[in-house]
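The values are calculated or read from the model by the stated rules, or taken from the named source; none is laboratory data. Being a predicted model, the structure only gives us computed values, none of them experimental. Cβ atoms come from the backbone with ideal geometry, glycine included; neighbour counts cover every protein chain shown.
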Amino acid sequence: MSQLVQVIYVSSEAYVLQQSDLLSILDASIRNNPPRGITGMLLYARGSFMQVLEGEESAVAETMARIHADTRHQNIFELSRTPITTREFGSWSMGFRALTPADAATWPGYAPFFQFGFDATTLIHHPGLAAEMLRTFGDKNGE
């Protein structure tokens, strides 16, 4: 068994995605991730994504290669790649949450980092913030 890793990245949609496109991404993740041992969480805000993937290094690398080849994504920027011993998002083949203005009002401290979409150049200057946001919004209640 190879080393477990956690990768967090942000990307932008390559074209305006419809709700059905987002559901297609989520459905594919839920279908494809369990056999590969991948778990994680996907956030969507204003045309951008922030995602955490956890699994064996080779499986995460293969998944990232598929994401890079996916024509729905552009401007993919890896914020972190960390060896882990325990999964933080192990209960989801892929959790998902589309962030809304209501989330910005509920979480004003996080709002500047997602209300206009996820921006890698901003997030990279706040180490740990992306993982914190994924954990916070990954909570099924969002509270």
>> Of everything in region 1-14, what is crowded, with 16+ Cβ neighbours inside 10 Å and either over 19 Å from residue 78 (Cα atoms) or of a type in the set (Val, Ile, Thr) (or both)? Give them in sequence order.
In response: 5, 7, 8, 10
> Which residue pairs have Cβ atoms under 7 Å apart, sit 6 or more places apart or on different chains, and have a first residue in region 29-47 that is farther than 18 Å from residue 19 by Cβ and a second that is among the charged types (D, E, K, R) and in a loop (DSSP other than H, G, I, E, B)?
Replying inline: 39/87
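Residue-wise test of (1) charged (D, E, K, R); (2) touching a strand residue (DSSP E or B) at 6+ places or on another chain (Cβ under 8 Å).
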residue	(1), (2)
36	yes, yes
46	yes, no
59	no, no
83	no, yes
95	no, yes
99	no, yes
104	no, no
120	no, yes
> Which condition breaks for residue 87 when tested against (1) among the charged types (D, E, K, R); (2) farther than 20 Å from residue 137 by Cβ; (3) assigned to a loop (DSSP other than H, G, I, E, B)?
Replying inline: (2)
>> Among the residues in region 77-100, are any within 17 Å of residue 129 (Cα to Cα), surrounded by fewer than 19 Cβ atoms within 10 Å (Cβ to Cβ), touching a Leu at 6+ places or on another chain (Cβ under 9 Å) and among the hydrophobic types (A, V, I, L, M, F, W, C)?
In response: yes
> Scanning region 92-114 for residues that are under 22 Å from residue 19 (Cα atoms) and in a loop (DSSP other than H, G, I, E, B), which turns out farthest from the chain's Cα centre (by Cα)?
Replying inline: 100
> From 43, 22, 17, 53, which residue is surrounded by 14 or more Cβ atoms within 10 Å (Cβ to Cβ), within 27 Å of residue 111 (Cα to Cα) and more than 14 Å from the chain's Cα centre (by Cα)?
Replying inline: 17
> Which ones in region 115-131 are surrounded by 12 or more Cβ atoms within 10 Å (Cβ to Cβ), in a helix (DSSP H, G or I) and not aliphatic (A, V, I, L, M)?
Replying inline: 122
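Out of curiosity, is residue 16 touching a Gly at 6+ places or on another chain (Cβ under 9 Å), outside any helix (DSSP H, G or I) and closer than 25 Å to residue 116 by Cα? Break it down into steps so the answer makes sense when it comes.
Working: touching a Gly at 6+ places or on another chain (Cβ under 9 Å): yes; outside any helix (DSSP H, G or I): yes; closer than 25 Å to residue 116 by Cα: yes.
Answer is yes for this residue.
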>> Can you say whether residue 58 is surrounded by fewer than 19 Cβ atoms within 10 Å (Cβ to Cβ), modelled with pLDDT of 95 or more and not in a strand (DSSP E or B), as far as the supplied structure shows?
In response: yes
> What number of residues within region 75-111 satisfy the criterion of being small (Gly, Ala, Ser) and in contact with a Ser or Thr (Cβ under 6 Å, 6 or more places away or on another chain)?
Replying inline: 1
> Are there any pairs, at least 6 apart or on different chains, whose C-beta atoms fall under 9 Å, with the first in region 118-133 and touching a residue at least 24 places away in the same chain (Cβ under 8 Å) and small (Gly, Ala, Ser) and the second surrounded by 15 or more Cβ atoms within 10 Å (Cβ to Cβ) and assigned to a helix (DSSP H, G or I), and if so, which?
Replying inline: 130/113; 130/123
